[in-house]
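The values are calculated or read from the model by the stated rules, or taken from the named source; none is laboratory data. Computed from a predicted structure; not experimentally measured. Quick reminder, even Gly has a Cβ in these numbers, built from the backbone with ideal geometry, and neighbours come from all protein chains shown.
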Amino acid sequence: MFTKDNSASFDLFADDEKITPQSKTVETKNSAGFMPLAAQLRPQSLADYVGQQHILSAGMPLRLAIEQGHCHSLIFWGPPGTGKTTLAEIIANNVNAEIERLSAVTSGIKEIRQAIENAKQRRQARQRKTLLFVDEVHRFNKSQQDAFLPHIEDGTIIFVGATTENPAFELNQAILSRARVYQLKSLREQDLRCVLNRGLSLLNESLNESSNESSNKAKISIDEQAIKTLIANASGDARRLLNLLEQCFELAHSNVDDNLQTSLITSKQVIAVAGNKIPLYNKGGDAFYDMISAFHKSVRGSDADAALYWYARILTGGGDPLYVARRLLAIASEDIGNADPRAMQLAINAWDTFIRVGPSEGERAIAQAAVYMALAPKSNAVYKAFNAAKLLAKETADLDVPLHLKNATSSITQELGHGQEYRYAHNEEHAFAAGECYFPEKLAYTEATQFYQPSSRGLEIKLKEKQDYLTQLNRQSHVKRY
């Protein structure tokens, strides 16, 4: 099923090859003839492909299209090492298409035009389809993305783009309307175990083929704890898993006993090879916003421990603590509101502390604010009220300000009635002008203007009592403006 010197033109689960439009194969050997394990284990068919069962299991539309040799333009969205490039190559093989490759990291309009020209010539001369695979497609700007559109439309190319970022934010709508988006997920543990077993078998086979003593077979094995450590460090990335396995295998092979011809890959060796685990965090990318979202929702959900965890994850990934401080200010207004007005001041204080004393103590101050807000009473009453007010304001933007609320800035405006009959609240009983209306006449005394509905939590309990009391005074008043 797998060979050491496979001439297929793609890398197992590879997403970042630096290639030219004319290339038909990805170079997998260096000057010494070495081929990485990931390149040797490249799947040639769906039968060998590991993972992504949510889009490739039997009967799924994409699988059926590939098996039947019919395929439309596609966008594969997913993290590194999940099989985006590999799947594009399998599709090209199944639809009997020549594959052209572009990398948005190294290509521009010139390379795009050349790839399209190659596709046109191929179509005219040999009536052969062309699958144009564009890696890191989100890195192309709008004009570069637009360059593909007419050629997708007229069938010159089957367009397949690969991206690690959310296509909805990074790709033109025109591209998205012409291509079906499929999300690829990080490989599950059972998928990674399958890849690991294949890799270890091939490495042992290669080891014995290179040995002069065929009767004395060498074997490198791996213990269960080492497998778990490898999988944990791979973070769902098959390419990273195989790279780590290959390094561990070489380390274990150097310790093979001359008599027993066996050695064991241990968890200690895996840790030594893997080094520090790379944090899943890319500033400005999906992982960045996902973690910020998880932090916000943990605070909103009153889970202080989860809030601290996601805050620590953001810091571990190199995130800006002040971004979290800014988000806490938004949380104080959106999710806590008047249930605990102190939350907003505490967020400002944490921000100010960080600026004054620096990260070491400042990060802790932000953590303090996060814990406080997670455990504070929650209310989105102001958030909802303000949104409702903005909507009504947009719908009634043509209504004039009532005369009694207008500012009497001159004798002319006074003669026009500006400010007349305005009731100064401080001169009224309870400093409240019962029955007075502060809305335009068309909106006066309607339920549509009752935006703020305090919750029964925190300080809003008192605010609700006050609001109910003032509402009662309004109802008892015989004074009506309109």
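Descriptive notes on the structure:
- The stretch 113-153, residues that are within 21 Å of PRO167 (Cβ to Cβ), surrounded by 12 or more Cβ atoms within 10 Å (Cβ to Cβ) and of a type in the set (Lys, Arg): ARG139
- Within the set HIS404, HIS430, the sole residue that is on the phi > 0 side of the Ramachandran plot and not in a loop (DSSP other than H, G, I, E, B) turns out to be HIS430.
- Test: residue in the stretch 410-417 that is among the charged types (D, E, K, R), assigned by TED's automatic domain parsing to the domain that holds CYS437, more than 25 Å from MET291 (Cβ to Cβ) and assigned to a helix (DSSP H, G or I): yes
- Checking the stated criteria, TYR383 turns out to be aromatic (Phe, Trp, Tyr) and either in contact with a Pro (Cβ under 9 Å, 6 or more places away or on another chain) or part of a helix (DSSP H, G or I) (or both).
- Helices (runs of 4 or more DSSP H) fully within the stretch 229-326 counting 1 or more residues that are buried (at least 18 other Cβ atoms within 10 Å of the Cβ) and modelled with pLDDT of 90 or more: 238-253, 286-300, 304-316
- Any chance ALA367 is more than 20 Å from LYS297 (Cα to Cα) and at pLDDT 90 or above: no
- Any chance SER7 is loosely packed, with under 15 Cβ neighbours inside 10 Å and either in contact with a His (Cβ under 7 Å, 6 or more places away or on another chain) or modelled with pLDDT of 50 or more (or both): no
- Every condition in (1) surrounded by fewer than 16 Cβ atoms within 10 Å (Cβ to Cβ); (2) assigned to a helix (DSSP H, G or I); (3) touching a residue at least 12 places away in the same chain (Cβ under 8 Å); (4) assigned by TED's automatic domain parsing to the domain that holds GLU436 holds for GLN368 except the one numbered (4).
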